[in-house]
Amino acid sequence: MPTVAELLVEALAEHGVTQVWGVVGDALNPVTDAIHHHDTVEWIGVRHEEAGAFAAGAQAQLTGRLGVCMGTVGPGAIHLLNGLYDAKKSRAPVLAICGQVPRAEIGSDFFQEVDNDVLFADVAVFSATISNVEQLPDLIERAGNVALQERGVAVLTLPGDVGGLDLPKHTPVPRFVTDRPAVPPEARSVSRAAAAINEAGTVTMLVGAGARDARTEVLAVAERLSAPMVVTLKGKQGLERDNPYEVGQSGLLGNHASAVAFDGCDLLLMVGSDFPYKEFYPDGKVVVQVDSAGEHIGRRHPVDHPVVGDARITLAALLPLLEAKTDTGLLDKARSSYEAWRERQAKLADPDYERKPSGLLRRKVENPEGRIRPELLAAAVDRHAADDAVFTSDTGMATTWLARFVRMRGERRLLGSFNLGSMANAMPQALGVQALDRQRQVVAFCGDGGLTMLLGDLITAVTLKLPVKLVVFDNGSLGMVKLEMEQVGLSPYGTRLDNPDLARVAEAIGLKGIRVEDPHAVEGAVLEALRHDGPVLLDVVTNADEIAIPPKPTLEQGWGFAIAKSKEFLESPE
């Protein structure tokens, strides 16, 4: 007779789960034992449950199947929370299996007891405790189905005396519903949107992750409307490559071309985007928003014409109703601004930039020690990484350099904590992706703060022989926080990081470690790291004072930088 734990593992295997991430312990011992004896499901023990949750969430985002992680009683379950919140905000279907004290002790304030229903109330779309065998297989099916259909986190709690219980003979294996039919739009809303677009003189598109599977339709609409296209960070993956309408990102990651496109349009057409930064939206424009989630419409910016529906189906219905706009003036202006910006950025990626007239002054102002510019590193990785590489990125300045220099050409994929904005996500997400396919190149853009926060799970890469490429922007600071403080005129107190030689740390753990301090050594080091057949940590000492200018810098920001730099000079101990 199968046990509760064995039934759970078999259900996961039939769904296609190949790995379960976590830390072993007490209440979940029957589950890890069932995994140990299963032919197709692998247990991956991490050094911190948070890393396991990030890894499982990355797998769910990449495959659309359940990602699975485990945390045992009390502290083990609590440690999952940050990674699970990232899965929630990324709309990734994740099943968290959590331990609990034995049933007789629940409610007695027993050793390590926490109330999992309360603990996971905000993060989970479904949470339940398996307390008897009569609840199966229904409870397992409900947990998996809700996670898959609502694209969220489900939590199943196993008391310590339940996982090993025998089930009645012929208990069916739980099966999960994976079909999620696309939502078609209402014809009247499409007609109203088309009429508004036809009436407008110029149109700019803001396109996000919800339109990644509608690439053909998005490009066809942009062509019909001669519309410049601002692509969100999460939209880069499917919409950036070979796109003659794209003008980069908006927000702090973006460039002036996005402001040109927004300011110059009469109508803003938003497709599959939930871009959160309200201050970067244009004022006084007619707005059409297409989104499969009606609750997302209008929550960032007022909308005149809402259309609830799948991006691909909606744009296919909209296209025949649209009149061609032949005036390419706005498109040409925005594209020209974008190309000029890219040319200026490319200069920063030249190892000899600071020896040339254009770089001499900038070096004196922001890089007097001649440290490696992060733009140089990001551009080198972009040139040499595979066309089907998967990139992960830590929140902060690492994401800025990836957004600006890494092009999502070919079959490249991109993951990050782009909604939660957590630190320390890039390395464990890379582990999760690499465990699915050890032959595919996986490159993590790591901040030094993020990497060192979960440093222990470098050991996981070594133990499992996961050939991840960890590129560390080692600027000795919490770079994004430093920039934020400087923008408002504050001295960046508390942002300095006292880092060891991270390449030597990596070598001690068992990875290949490469440290770079010379701009002219970056190219060779990147090639060496990407060609190595095992895990690598590329530790590049980069300029902490590099300034990432937003699309429309304000006078207040300029004064803020000036004041902050004055304070830094006055407070310097040297």
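The values are calculated or read from the model by the stated rules, or taken from the named source; none is laboratory data. This one's a predicted model, so the numbers in the text were calculated from it and none came from an experiment. As a convention, Cβ positions derive from the backbone with ideal geometry for all residues, glycine included, and neighbour counts pool all protein chains shown.
Here are some notes:
- For the stretch 13-23, a tally of residues being under 25 Å from the mean Cα position of the chain (by Cα) and either part of a helix (DSSP H, G or I) or not assigned by TED's automatic domain parsing to the domain that holds Asn145 (or both) returns 1.
- Of all residues in the stretch 397-453 being hydroxyl-bearing (Ser, Thr, Tyr) and more than 12 Å from the chain's Cα centre (by Cα), the one that is surrounded by the most Cβ atoms within 10 Å (Cβ to Cβ): Thr400
- Note on the stretch 454-477: residues that are over 22 Å from Thr40 (Cα atoms) and either surrounded by 19 or more Cβ atoms within 10 Å (Cβ to Cβ) or at pLDDT below 95 (or both) total 13.
- Number of the condition not met by Asp327 [criteria: (1) closer than 23 Å to Glu223 by Cβ; (2) buried (at least 21 other Cβ atoms within 10 Å of the Cβ)]: (2)
- A single member of Ala194, Ala211, Ala182, Ala187 is among the aliphatic types (A, V, I, L, M) and over 13 Å from Leu315 (Cβ atoms), and it is Ala187.
- The residue of the stretch 210-241 that is surrounded by the most Cβ atoms within 10 Å (Cβ to Cβ), among those that are outside any helix (DSSP H, G or I) and without any contact (Cβ under 8 Å) to a residue 40 or more places away in the chain, is Val230.
- Set side by side, the residues Ile563, Ile547, Ile509 differ, and just one is surrounded by fewer than 21 Cβ atoms within 10 Å (Cβ to Cβ) and either modelled with pLDDT of 85 or more or acidic (Asp, Glu) (or both), which is Ile509.
- Condition met for Gly163 (within 20 Å of Glu10 (Cα to Cα) and part of a loop (DSSP other than H, G, I, E, B)): yes
- Candidates in the stretch 24-48 are the residues that are assigned to a strand (DSSP E or B) and of a type in the set (A, V, I, L, M, F, W, C); of these, the one that is nearest to the chain's Cα centre (by Cα) is Ile44.
- Any chance Glu199 is loosely packed, with under 15 Cβ neighbours inside 10 Å, modelled with pLDDT of 95 or more and not basic (Lys, Arg): yes
- If you filter the stretch 267-302 down to residues that are among the acidic types (Asp, Glu) and closer than 26 Å to Ile313 by Cβ, you find that the one that is farthest from the chain's Cα centre (by Cα) is Glu295.
- Qualifying position, being in contact with a Gly (Cβ under 8 Å, 6 or more places away or on another chain) and under 26 Å from Glu484 (Cα atoms), among Gly251, Gly235, Gly210: Gly235
- Residue match in the stretch 83-93 (condition: within 20 Å of the chain's Cα centre (by Cα), outside the structural domain of Arg413 (by TED's automatic domain parsing), crowded, with 16+ Cβ neighbours inside 10 Å and of a type in the set (S, T, N, Q)): yes
- Taking each residue of the stretch 159-188 that is over 16 Å from Gln135 (Cβ atoms) and looking for partners that are in a helix (DSSP H, G or I) and of a type in the set (Val, Ile, Thr) with beta-carbon atoms closer than 8 Å, six or more apart or interchain, yields Ala182/Ile313; Val183/Ile313; Pro184/Ile313; Pro184/Thr314; Pro185/Ile313; Pro185/Thr314.
- Residues being outside any loop (DSSP other than H, G, I, E, B) and not hydrophobic (A, V, I, L, M, F, W, C) - total across the stretch 422-452: 9
- Restricting attention to the stretch 26-46, the residues that are closer than 18 Å to Leu165 by Cα and crowded, with 18+ Cβ neighbours inside 10 Å add up to 8.
- Test result for Gly67, under 18 Å from the mean Cα position of the chain (by Cα), of a type outside the set (Phe, Trp, Tyr) and not assigned by TED's automatic domain parsing to the domain that holds Ala444: yes
- Considering residues of the stretch 487-499 that are surrounded by 14 or more Cβ atoms within 10 Å (Cβ to Cβ), farther than 18 Å from Ala398 by Cβ and not hydrophobic (A, V, I, L, M, F, W, C) only, the residue nearest to the chain's Cα centre (by Cα): Gln487
- Residues that are assigned to a strand (DSSP E or B) and over 21 Å from Ala311 (Cα atoms) are absent from the stretch 137-152.
- Selection of the stretch 305-334 for residues being in a loop (DSSP other than H, G, I, E, B) and of a type in the set (A, V, I, L, M) yields Leu322, Ala324.
- None of Leu269, Leu206 is touching a Phe, Trp or Tyr at 6+ places or on another chain (Cβ under 9 Å) and either in a helix (DSSP H, G or I) or touching a residue at least 60 places away in the same chain (Cβ under 8 Å) (or both) except Leu206.
- Flag for Gly370 being on the phi > 0 side of the Ramachandran plot and not basic (Lys, Arg): yes
Here's the yes/no breakdown for (1) in the same structural domain as Asp291 (by TED's automatic domain parsing); (2) more than 24 Å from the chain's Cα centre (by Cα); (3) among the hydroxyl-bearing types (Ser, Thr, Tyr):
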| position | (1), (2), (3) |
| --- | --- |
| Val118 | no, yes, no |
| Ala128 | no, yes, no |
| Leu136 | no, yes, no |
| Ile140 | no, yes, no |
| Gly152 | no, no, no |
| Val155 | no, no, no |
| Ile197 | yes, yes, no |
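- The single condition among (1) in contact (Cβ under 8 Å) with a residue 60 or more places away in the chain; (2) in a helix (DSSP H, G or I) that Asp263 does not satisfy is (1).
- The requirement of being part of a helix (DSSP H, G or I), surrounded by 24 or more Cβ atoms within 10 Å (Cβ to Cβ) and not small (Gly, Ala, Ser) is fulfilled nowhere in the stretch 243-259; no residue meets it.
- Asp327 being touching a residue at least 60 places away in the same chain (Cβ under 8 Å) and under 30 Å from Glu186 (Cβ atoms): no
- In the stretch 330-349, of all residues being crowded, with 17+ Cβ neighbours inside 10 Å and more than 28 Å from the chain's Cα centre (by Cα), the one that is nearest to Asp263 (Cα to Cα) corresponds to Leu330.
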